[in-house]
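Here the structure is laid out as structure tokens; the discussion comes afterwards.
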């Protein structure tokens with residue numbers, strides 16, 4: 001019996017540390033500058049930072065006044081990363097984030113604009129080292145159609 005208790009005690013000491021459920025967002029920490037496909041004079045400045053167990057993502061679309069903030073956290077009940085977005089114009093949305101190899105998938109979710117109008121959206125972010133891209137679609141007339149693509153590069157410290 002003592003041998004069994006000792007073996008269990010040793011096994012519990014050797015157990016690996018829990019994996020950080022927010023690790024899929026780790027490559028994005030820091031600041032980025034993204035260009036909108038087909039719109040060379042509009043760009044998105046975006047910064048990700050850890051807030052304890054959460055990740056905050058703040059962005060500003062230049063040269064406009066539009067900005068927003070997304071907060072990501074691990075939901076123990078759902079066993080997935082959930083997020084909440086608030087836009088400077090009063091728009092908002094909530095959803096889940098599904099990490100895949102080199103990608104972050106944002107399944108269909110509803111964006112509610114400041115006037116109450118709703119859009120059904122989905123996105124895929126592809127991470128490739130010091131670059132990442134976002135491809136977003138909206139559901140319109142029974143089909144998914146392209147909404148926008150933004151290609152980001154890591155911002156230098158002087159930006």
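Quick note: the coordinates plus some simple rules give every number you see, no bench work behind them. Every value quoted in this text rests on a predicted model; they were computed, and no experiment measured them. Cβ sites come from the backbone with ideal geometry, for glycine too, and all protein chains shown count toward neighbours.
Need one number: convex hull volume per residue for region 66-159, Cα atoms only, in Å³. It would help to have the intermediate numbers written out before the result.
Details: hull volume 12.5 nm³, N = 94.
So the per-residue hull volume is 133 Å³.
Name the most mobile residue of 19, 82, 96, meaning the one with the largest mean-square fluctuation, in a Gaussian network model of the chain with Cα contacts below 10 Å.
Result for the chain, Cα springs under 10 Å: 19 fluctuates most.
Specify the residue with the greatest mean-square fluctuation among 97, 121, 147, computed from a Gaussian network of the chain linking alpha-carbon atoms under 10 Å apart.
147
Using only DSSP helix segments of four residues or longer, with each worth -39500 (n - 2.57), what per-residue ellipticity at 222 nm results for the chain after dividing by its residue count and rounding to 500? Mind showing how you got there, number by number?
Working: 1 runs with 12 residues, N = 159.
My calculation for the chain gives -2500 deg cm²/dmol from helical runs alone.
What list do you get for 31, 47 if you sort them by fewest beta carbons within 10 Å? List each step's numbers first, then the result.
Details: 31 18, 47 15.
Ordered from fewest to most neighbouring Cβ atoms within 10 Å, 31, 47 come out as 47, 31.
Does the chain come out rounded, prolate or oblate, given a ≥ b ≥ c as the square roots of the eigenvalues of its C-alpha gyration tensor, rounded meaning a/c under 1.5 and, failing that, prolate meaning a/b above b/c?
Details: a/c = 2.51, a/b = 1.87, b/c = 1.34.
Here the chain falls in the prolate category.
Does region 63-117 come out rounded, prolate or oblate, given a ≥ b ≥ c as the square roots of the eigenvalues of its C-alpha gyration tensor, rounded meaning a/c under 1.5 and, failing that, prolate meaning a/b above b/c?
Values: a/c = 2.27, a/b = 1.80, b/c = 1.26.
Judged from the Cα gyration tensor, region 63-117 comes out prolate (a/c at least 1.5, a/b above b/c).
With axes computed from alpha carbons, what is the tilt in degrees of helix 2-13 against the longest principal axis of the chain, rounded to the nearest 10 within 0 to 90?
Helix 2-13 sits roughly 20 degrees off the main axis of the chain.
Compare 101, 77, 117 in a GNM of the chain, Cα atoms joined below 10 Å, and give the one with the largest fluctuation.
77
Extension gain residue 98-residue 77, at 0.36 nm per residue separation less the Cα-Cα distance, in nm? Spell out each step's value before the answer.
Working: separation 21, 0.36 × 21 = 7.56 nm, distance 1.53 nm.
Full extension of this stretch gives 6.0 nm more.
Normalised by the residues of region 18-154, what does the relative contact order come to in percent, with Cα pairs under 8 Å and at least six apart?
Working: 307 pairs, mean separation 23.5, N = 137.
Answer for region 18-154 is 17 percent.
State the extension gain, in nm to one decimal, for the chain segment bounded by residue 29 and residue 54, taking 0.36 nm per residue of separation less the distance between their alpha-carbons.
Working: separation 25, 0.36 × 25 = 9.00 nm, distance 1.17 nm.
This chain segment gains 7.8 nm when fully extended.
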